[in-house]
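Beneath this line is the structure, given in structure tokens, with notes to follow.
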Amino acid sequence: MLSRIRKNDNVIVISGRDKGKQGTIITVNPKKGKVLVKGVGVVTKHVKAKKQGEKSRIVKEEGPMNLSKIMPVCPSCKKPCRVSTKVLDDGKKVRSCSRCKESF
């Protein structure tokens, strides 16, 4: 099976509080249907000091987002697109943009 979204893809958020923001995929968890997008969905965590001499701190990091809230951006036409699949002559499956039909 060919996945719609992969690591290092450029994506845009289509719903939620970060609607309209763009970023690249850091990790994909297909079983849970979640992704981490760099610079999008940033949450604040308060980290308690674990060892002697270490300080408590506030950390901002990306939180998991639902796969349904993001859409890949086509590298050739630079617009958000739905992903379709093409089978090449050698039998290999590739992802392609549904707008410009360019594979990526």
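Values in this text are rule-based calculations from the coordinates and carry no lab data. Values in this document were obtained by computation on a predicted structure and should not be read as measured data. Positions of Cβ are generated from backbone atoms using ideal geometry, with glycine treated the same way; all protein chains shown enter the neighbour counts.
Looking at the stretch 3-38 only, could you name the residues that are polar (S, T, N, Q) and either in contact with a Ser or Thr (Cβ under 6 Å, 6 or more places away or on another chain) or under 20 Å from SER96 (Cα atoms) (or both)?
SER3, ASN8, ASN10, GLN22, THR24
Do you know which residues across the stretch 76-101 are of a type in the set (S, T, N, Q) and part of a loop (DSSP other than H, G, I, E, B)?
SER76, SER98
Do we find that LYS93 is on the phi < 0 side of the Ramachandran plot and exposed (fewer than 10 other Cβ atoms within 10 Å of the Cβ) in this structure?
Spelling it out, it is not the case that LYS93 is on the phi < 0 side of the Ramachandran plot and exposed (fewer than 10 other Cβ atoms within 10 Å of the Cβ).
Could you list, in sequence order, the residues of the stretch 12-65 that are more than 30 Å from LYS78 (Cβ to Cβ), touching a residue at least 12 places away in the same chain (Cβ under 8 Å) and among the polar types (S, T, N, Q)?
Answer for the stretch 12-65, where residues must be more than 30 Å from LYS78 (Cβ to Cβ), touching a residue at least 12 places away in the same chain (Cβ under 8 Å) and among the polar types (S, T, N, Q): just THR44.
Scanning the stretch 20-32 for residues that are surrounded by fewer than 16 Cβ atoms within 10 Å (Cβ to Cβ) and within 17 Å of ARG82 (Cα to Cα), which turns out nearest to the chain's Cα centre (by Cα)?
THR24
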